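S.K.: Pasting in a structure now, in structure tokens, and then I'll have a few things to ask.
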């Protein structure tokens with residue numbers, strides 16, 4: 001079989017169509033997204049995610065190890081049924097992300113599932129990220145959930161989505177391996193009540209320190225948005241007796257009134273790990 005022709009123009013329709021997947025509306029309409037990077041695409045393939053096509057830079061990197069890694073990942077994607085499309089430098093730059101250019105960008109079929117379609121292991125915490133705006137924060141939280149071995153994650157009323165290419169990149173591909181659901185706050189609260197999970201939420205106004213609460217086990221660990229924190233839906237549900245809500249805080253001894261949401265998630269996730277290993 002003849003090698004596919006290299007696309008050199010950034011204005012090529014195939015390149016432009018792929019670039020449009022940076023737009024949330026286009027991702028929702030097509031169910032597709034962009035994945036940039038060897039680890040990210042390898043993890044997508046290993047998780048059984050459908051890889052529709054991969055764009056590979058036509059000129060391999062001069063470093064022999066990097067060139068070999070690029071060739072191996074490209075071959076793995078092709079073995080999964082992906083079309084391989086060589087691109088010239090300018091065309092590839094239209095799809096690549098920032099300075100960390102690894103020479104391979106894939107188009108994959110991926111969107112977060114509903115709560116009804118995801119199974120979370122019992123006996124381990126599930127982390128809820130509510131209203132997170134920045135894809136880098138969302139990806140970092142996914143890495144924490146993976147690293148800490150939590151049961152999974154729910155993105156709740158997100159202002160960005162886990163299929164955002166920047167979130168996928170920040171997650172290092174763990175978005176494809178962590179049990180992940182997308183839901184509203186109301187849906188998540190109903191699910192927590194039905195699953196009999198305790199809810200522990202981090203909020204700057206709480207009086208109890210994070211390590212004083214029981215975070216391990218069948219808990220829902222909730223972090224709120226960067227700007228607004230926890231929504232009122234949780235407090236309303238607690239007052240109605242739908243859920244048992246406990247709020248905890250992290251000490252802020254400087255001029256800032258809160259930590260980055262991804263940092264907060266990491267602290268409470270690893271406190272849950274510490275408590276579990278101390279039992």
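The values are calculated or read from the model by the stated rules, or taken from the named source; none is laboratory data. Remember, it's a predicted structure, so these values are computed and weren't measured experimentally. Here Cβ is always computed from backbone atoms with ideal geometry, including for glycine, and neighbour counts include all displayed protein chains.
S.K.: For a quick check of your reading of the model, give me the residue pairs whose first member lies in segment 177-195 and is within 13 Å of residue 126 (Cα to Cα) and not assigned by TED's automatic domain parsing to the domain that holds residue 240, whose second is modelled with pLDDT under 95 and part of a helix (DSSP H, G or I), with beta-carbon atoms closer than 9 Å and at least 6 apart or on different chains.
M.R.: Partner pairs satisfying both residue conditions: none exist.
S.K.: If you go through segment 235-263 one residue at a time, how many are over 23 Å from residue 121 (Cα atoms) and surrounded by 12 or more Cβ atoms within 10 Å (Cβ to Cβ)? Show your work before the answer.
M.R.: First, pick out the residues of segment 235-263 that are over 23 Å from residue 121 (Cα atoms): 235-241, 247-261, 263.
Within this subset, residues satisfying the condition of being surrounded by 12 or more Cβ atoms within 10 Å (Cβ to Cβ) are 235-238, 247-250, 258-261, 263.
Qualifying residue count for the region: 13.
S.K.: Residues 247, 277: which one is farther than 16 Å from residue 146 by Cα, at pLDDT below 90 and not in a loop (DSSP other than H, G, I, E, B)?
M.R.: Working: 247 fails: at pLDDT below 90.
Just one listed residue meets the conditions, 277.
S.K.: Within segment 1-19, which residues are in contact with a helix residue (DSSP H, G or I) (Cβ under 8 Å, 6 or more places away or on another chain), surrounded by 15 or more Cβ atoms within 10 Å (Cβ to Cβ) and not in a strand (DSSP E or B)?
M.R.: The answer is 8, 10, 12, 15.
S.K.: Continuing with this model, one more query. With respect to the numbered conditions (1) more than 16 Å from residue 154 (Cα to Cα); (2) in contact with a helix residue (DSSP H, G or I) (Cβ under 6 Å, 6 or more places away or on another chain), which one is the sole condition not fulfilled by residue 268?
M.R.: Here residue 268 clears every test but (1).
S.K.: Further, regarding this structure: Could you name every one of the helices (runs of 4 or more DSSP H) located completely within segment 33-112 that has at least 3 residues being surrounded by fewer than 21 Cβ atoms within 10 Å (Cβ to Cβ) and free of Cβ contacts under 8 Å to residues at least 40 places away in the same chain? Before the answer, list the steps.
M.R.: On the way: elements: 38-46, 64-79, 89-93.
Fully inside segment 33-112 and qualifying: 64-79.
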